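Please read the structure below before turning to the comments.
The values are calculated or read from the model by the stated rules, or taken from the named source; none is laboratory data. These figures come from a predicted structure and were not determined experimentally. Counting neighbours? That spans all protein chains shown, and the Cβs are built from the backbone with ideal geometry, glycine included. For accessibility, only protein heavy atoms count, side chains too; no ligands or nucleic acids. Shrake-Rupley method; radii C 1.70, N 1.55, O 1.52, S 1.80 Å.
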Amino acid sequence: LLHITHVLARGYDGVFLLILVACLILCRSHYLASRRRRDRGGLVLWLGDALLWGLPLVRGFEIRRAMVQALELLRISLIAGSPVNEAIRATLTLDVNRFFRKRLQGWLDRVERGEDIARSAKVCGLGSALAWAFDRGVDTPAVLGMLEEHYRWCYLYRLNVTRFILWPVAIVLLGLMVGFIILAVFLPMVQILTATAAYIYP
């Protein structure tokens, strides 16, 4: 810790390095926030989506958030009179995880090949609830609206629960980090005093 702070505080090099890192972080954050996911590419975005999709807890958040957006757009498109395949095609423009978008693309391909809409949705991993919404004899827009509210409520509920759990964990980790810094600063002083005390007090 002392070595790291010495390097950062040594002359103007450390200050320049900190300013450069801060500018890079701000520019990258602004770049990612100003462009939609579907307009961006690159290895970093792919790794980010793969990481979010691979983590068990985070994957549920990604799926529910994407389902809310997809269900809303499907409902609006069907109410406007769009065919089912065009409504599904519109969902490919949503700012969602690319692995979820692959499921939507697979659903679209199956529907355009003439397969059953409900069965195709279930086979592509979009859930039995979405498949039920496209069964025959069902008011699809109304069911899509109900499913949209359900997924939105589940997403917000799990998000609030996770936030209430993570805040204490973050405070404990912050306390451990502060304790590490205090220990790293004062422990050498205590060791020096202990070593020199033997020469002063025989």
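Restricting to region 146-164, and then to whatever is of a type in the set (A, V, I, L, M) and at pLDDT 85 or above, can you tell me which residue is least open to solvent (accessible area, probe 1.4 Å)?
Going through the qualifying residues, I end up with Leu147.
Consider Trp167 carefully, then state whether it is part of a helix (DSSP H, G or I), open to solvent by 100 Å² or more (accessible area, probe 1.4 Å) and modelled with pLDDT under 85.
Considered against the rule, which asks whether it is part of a helix (DSSP H, G or I), open to solvent by 100 Å² or more (accessible area, probe 1.4 Å) and modelled with pLDDT under 85, Trp167 comes out as yes.
Is at least one residue of region 173-190 under 30 Å from Ala70 (Cβ atoms), part of a helix (DSSP H, G or I) and not basic (Lys, Arg)?
Taking every residue of region 173-190 in turn, none turns out to be under 30 Å from Ala70 (Cβ atoms), part of a helix (DSSP H, G or I) and not basic (Lys, Arg).
Of the conditions (1) at pLDDT 70 or above; (2) open to solvent by 70 Å² or more (accessible area, probe 1.4 Å); (3) within 27 Å of Leu144 (Cβ to Cβ), Arg38 clears all except one; give me its number.
The number of the failed condition is (1).
Just one of Arg65, Arg113, Arg89, Arg59 is touching a residue at least 24 places away in the same chain (Cβ under 8 Å), of a type outside the set (Val, Ile, Thr) and open to solvent by 50 Å² or more (accessible area, probe 1.4 Å); which is it?
On inspection, the qualifying residue turns out to be Arg65.
Taking interchain pairs and intrachain pairs at least six residues apart, which have beta carbon atoms under 9 angstrom, with the first residue in region 147-173 and closer than 22 Å to Leu73 by Cα and the second outside any helix (DSSP H, G or I)?
Going by the 9 Å Cβ cut-off, the qualifying pairs are Leu147/Gly127.
Where in region 94-145 are the helices (runs of 4 or more DSSP H), entirely inside, with at least 3 residues that are modelled with pLDDT of 90 or more and closer than 14 Å to Val84 by Cα?
98-112
If I filter region 68-77 down to residues being under 12 Å from Tyr155 (Cβ atoms) and touching a residue at least 60 places away in the same chain (Cβ under 8 Å), which single residue comes out as surrounded by the fewest Cβ atoms within 10 Å (Cβ to Cβ)?
Once the filter is applied, the top-ranked residue is Val68.
If I ask for residues that are surrounded by 13 or more Cβ atoms within 10 Å (Cβ to Cβ) and not hydrophobic (A, V, I, L, M, F, W, C), which ones from region 126-145 would you list?
Gly127, Asp135, Thr140, Pro141, Gly145
Check Pro202 against each of (1) at pLDDT 85 or above; (2) outside any helix (DSSP H, G or I) and name the one condition it does not meet.
(1)
From Asp95, Asp116, which residue is over 18 Å from Leu144 (Cα atoms) and of a type in the set (Asp, Glu)?
Asp95
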